[in-house]
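These notes concern the structure reproduced below.
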Amino acid sequence: MALRSAFTRLLSNSRMSVAVTASRAQGTAVAAQKGAEEAKKPAKPAKVAFNWRDALNLEGQLTEEEIMIRDSFRDYCQEKLMPRVLMANRHEHFHREIVSEMGELGVLGPTIKGYGCAGTSYVAYGLIAREVERVDSGYRSVMSVQSSLVMHPINAYGTAAQKEKYLPRLARGEIVGCFGLTEPNHGSDPSSMETKAKYNPSSGTFTISGAKTWITNSPVADIAVVWAKCEDGRVRGFILERGMKGFSTPKIEGKFSLRASATGMILMDEVEVPEENLLPNVSGLGGPFGCLNNARYGIAWGALGAAEFCFHAARQYTLDRIQFGVPLARNQLMQKKMADMLTEITIGLQSCLYLGRLVDEKKAAPEMISMLKRNSCGKALDIARQARDMLGGNGISDEYHIIRHVMNLEAVNTYEGTHDIHALILGRAITGLQSFTVEN
Amino acid sequence: MSGRVLVGVKRVIDYAVKIRVKPDNTGVVTDGVKHSMNPFCEIAVEEAVKLKEKKLIKEVVAVSCGPQQSQETIRTALAMGADRGIHVDVSGKDYENLGPLQVSKILAALAKQEDAQLILLGKQAIDDDCNQTGQMTAALLDWPQGTFASEVSLEGDKINLVREIDGGLEHIKINTPAVITADLRLNTPRYATLPNIMKAKKKKIVTVKPADLGVDVTSRLEVLKVEEPPQRQAGRV
């Protein structure tokens, strides 16, 4: 019989693996015969192992360059940022040096072409944000502000002279910038901002007065991209420099979130700004929103980095901690939480990767970015809170880092468009009806 | 002198990975496991790039022996500042049996072909811990060797070297051309910067086969069995 002859031929070879193939092949005679005769044909595809660290094989969807960028930067973050962050957060100390260090690595304004910037893909930018935020959201905020909220508007809306003057120094981390849009009385509602810019034709300057608050980097910033309402009612962007009379940046005290980065106000008391410092190529809220979308994309990736840290840390803790004679991880309640974390992080990363590819092809709409910023931040906050709970009492100690992420993600969920505001952006896109204001 | 330095870089399982022995005890699990450049090779690359930045040498050529994936390791060396790469293609059973003797023959052949002034290697690889390739390469070429280097300085056509040895530090002076193997404290390897990673794409990697260099990679060693060390027993207080 065909099957028996094939089986004997296979068994005469003393190799164990072939016998295994033979026994498996006993299922169908045809298969066994084919297996014996076509020994040159490759074996059955190897069984795919599930990798909980990368459940949907994100790695396989990245280019070699993106992998190298991520790996190199991950090493820097783990070796140079992680050791600093505990004390930086505890004592609310901002290490200004990290901006210069990141500048040296070329990760500031990475998507900009020219002016000393790397000119890499948006997917790479996302991977960079994820690695920094794996360490701390405050550090990633500093990177996002410098790249998306300072370098990007100058690059997208500025003159050639402004780009030459500021971009290379911002890219190197020689100077630090900040972004002034939010005001004490106008957060989600920037269109009714009270900061005014009055043009003086005689001196060719603008006089800007107003107050901005919750400004990352402002206490240490050398320049500020400030958005003010001009006399024609249009919002425009201005580059203010430290040293201008009337420009001050008091620090905001008593923060429980993003303590490793410096946050403050921008107070402008009739600051005279030369007209060369106006960003001429945009007017209206499209300007700041373009910047915010750029930053929000990075945050969508970044928040998942923080979530990944919390998930991995909780997993390790529950494997190590023995209660009632078994590791905590043996318990169903723990495993369910980890399964939920794994799922959300994996799905979130896939969506961010796809969004990044769309952005690189210039096929992304702002609502897509809103959707993913909202999703990543909301899910990451949940994951961090769950992880904190899994660590029990130790979870409230900053030595275990998770509580720091819990505190940070409160801010990350709120800034750059709160969770609810992004819901309204999507709601308007879904229904065609805006629900931001009471008027129609 | 050509001013050319050959740097050997080996693709190994990443140092942070937990190693597992294959169920059939023929080796360790490598499929789907994270690999990266051997840490001592990173130190060697860093030293070569530093010498080039000081303008003491002209060109850094990164060499790796292994399958297609070894090109990733060469790419990392290029991102750190090497100028071009040579991938010696060894795969399958030949790769599983590749050891210091064959690699040193390959490096010796390449050194002659490329007219290298210096060969920089890591002192050993973290997967086999052989600590033999540098020494064998020097012997095959009849070149001086400076192993376990923790300080290297070029002085004309000689090299001042500090070696880390059991008794302390040994200062030697050797002629060029020479083989140097890097020890831990020689330098701190740089992080590859984004712009350099992107420039590395344009640098050339040439693929050759051992036969092209007249080297036979058949191994004289046969691995009989690989097994885990005995499990640690609990102690008693």
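All of the numbers you see were taken from the coordinates with simple rules; none came from a lab. Being a predicted model, the structure only gives us computed values, none of them experimental. Note that each Cβ is placed from the backbone with ideal geometry, even for glycine, and that neighbours are counted across all protein chains shown.
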With a ≥ b ≥ c from the Cα gyration tensor eigenvalues, square-rooted, and the rule rounded for a/c under 1.5, otherwise prolate when a/b > b/c and oblate otherwise, segment A:58-176 is oblate
√(5λ) per eigenvalue of the Cα gyration tensor, segment A:220-341, largest first, Å = 48, 18, 10
Please list, or write none, the lysines whose alpha carbon is within less than 22 Å of the alpha carbon of residue A:212, excluding same-chain residues fewer than 8 places away.
-> A:196, A:198, A:229, A:245, A:251, A:255
How do A:320-331, B:101-112 rank on mean C-beta neighbours within 10 Å, highest first?
-> B:101-112, A:320-331
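How high is the FRET efficiency from residue B:221 to residue B:20, r the C-beta distance, R0 22 Å, rounded to 0.05?
Details: r = 23 Å, r/R0 = 1.03.
Here the calculated transfer efficiency is 0.45.
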Where both partners of a DSSP beta bridge lie in the protein assembly as shown, what percent of those bridges are antiparallel, to the nearest 5?
-> 60
Of the DSSP beta bridges with both residues in segment A:178-283, give the percent that are antiparallel, rounding to the nearest 5.
-> 85
Two-decimal log10 I(q)/I(0) for chain B, as the Debye equation yields it once each C-alpha is a single scatterer, q = 0.08, 0.09, 0.10, 0.13 Å⁻¹ = -0.30, -0.38, -0.47, -0.78
Using a basic spin-label model with each label point 7 Å from the Cα along Cα→Cβ, how many nm lie between residue A:418 and residue B:188?
-> 4.4
Whole number please: convex hull volume per residue of the Cα set in segment B:166-237, in Å³?
-> 376
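Order of A:412-418, A:178-184 by packing, highest average Cβ count within 10 Å first?
Working: A:412-418: 22.1, A:178-184: 23.7.
For the peptides A:412-418, A:178-184, the packing ranking is A:178-184, A:412-418.
Give me Rg/Rg_expected for the protein assembly as shown, where Rg uses Cα atoms only and Rg_expected = 2.2 N^0.38 Å with N residues.
Working: Rg = 29.7 Å, N = 677, 2.2 N^0.38 = 26.2 Å.
Ratio of Rg to 2.2 N^0.38 Å for the protein assembly as shown: 1.13.
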Whose amide H sits under 5 Å from the amide H of residue A:195, counting only residues 5 or more places off or on another chain, with H placed in the peptide plane?
-> A:211, A:229
For the pair residue A:57 and residue B:97, how long in nm is the line joining their label points, each one 7 Å along Cα→Cβ?
-> 3.2
How large is ³J(HN,Hα), in whole Hz, for each residue of segment A:274-280 in order, when computed from phi with the Karplus curve 6.51 cos²θ - 1.76 cosθ + 1.60 and θ = phi - 60°, using x for Gly and Pro?
-> x, 5, 5, 8, 6, 7, x
So what are the ³J(HN,Hα) numbers for segment B:71-81, from phi and the Karplus equation (6.51, -1.76, 1.60; θ = phi - 60°), rounded to whole Hz, Gly and Pro as x?
-> 5, 4, 5, 5, 4, 4, 4, 5, 5, 7, x
Under-5 Å amide H pairs with residue A:263, H placed in peptide plane, nonlocal only | A:217, A:252
For peptides A:255-265, B:134-144, B:38-48, sequence by mean Cβ density within 10 Å, most packed first | B:38-48, A:255-265, B:134-144
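Using the scaling law 2.2 N^0.38 Å as the reference, what is the normalised Cα Rg of segment A:286-431?
Numbers: Rg = 17.0 Å, N = 146, 2.2 N^0.38 = 14.6 Å.
Dividing the Cα radius of gyration by 2.2 N^0.38 Å gives 1.16.
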Euclidean distance between Cα centres, segment A:369-403 to segment A:84-102, Å | 21
Average other protein chain Cβ within 10 Å of Cβ, residues A:57-66 = 2
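Past the 18 Å Cα-Cα mark, which pairs from A:163/A:373; B:54/B:158; A:80/B:55; B:58/B:203? Don't skip to the end; give the middle numbers.
On the way: A:163/A:373 29 Å; B:54/B:158 16 Å; A:80/B:55 29 Å; B:58/B:203 16 Å.
Where the Cα-Cα span goes over 18 Å, the pairs concerned are A:163/A:373; A:80/B:55.
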Obtain the nm distance between the two label points defined at residue B:232 and residue A:276 by a simple spin-label model: each point lies 7 Å from its Cα along the Cα-to-C-beta direction.
-> 6.6
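So how do B:183, A:54 line up by other beta-carbon neighbours within 10 Å, fewest first?
On the way: B:183 19, A:54 13.
If I rank by nearby Cβ atoms, fewest first, I get A:54, B:183.
Would you calculate the convex hull of the Cα atoms in segment A:192-234 and tell me its volume per residue in Å³?
Working: hull volume 3.8 nm³, N = 43.
Convex hull of Cα atoms, per residue: 89 Å³.
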Residues other than residue A:255 with Cβ under 11 Å of its Cβ, Lys/Arg counted +1 and Asp/Glu -1, net out at -1
Against the globular-protein guess of 2.2 N^0.38 Å, express the Cα radius of gyration of segment A:220-274 as a ratio, rounded to two decimals.
-> 1.31
Partner chain Cβ atoms within 10 Å, averaged over the residues of A:104-117 - can you pull that number for me?
-> 2
Among the aspartates and glutamates, select those whose C-alpha is under 20 Å from the C-alpha of residue B:112, and discard any that sit fewer than 8 residues away in the same chain.
-> B:59, B:83, B:89, B:142, B:157, B:212, B:216
Spatial separation of Cα centroids for segment A:272-290 and segment A:129-165, in angstrom | 17
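After finding the eigenvalues of the alpha carbon gyration tensor for segment A:178-283, what semi-axes result from the square roots of 5 times each, listed largest first in whole Å?
Values: eigenvalues 112, 46, 24 Å².
Ellipsoid half-lengths, sorted descending, are 24, 15, 11 Å.
Let me know the mean shielding of A:338-346 by other chains, meaning the per-residue number of their Cβ atoms within 10 Å of its Cβ.
Working: counts 0, 0, 0, 0, 0, 0, 0, 0, 0.
The mean count of partner-chain Cβ atoms within 10 Å per residue comes to 0.
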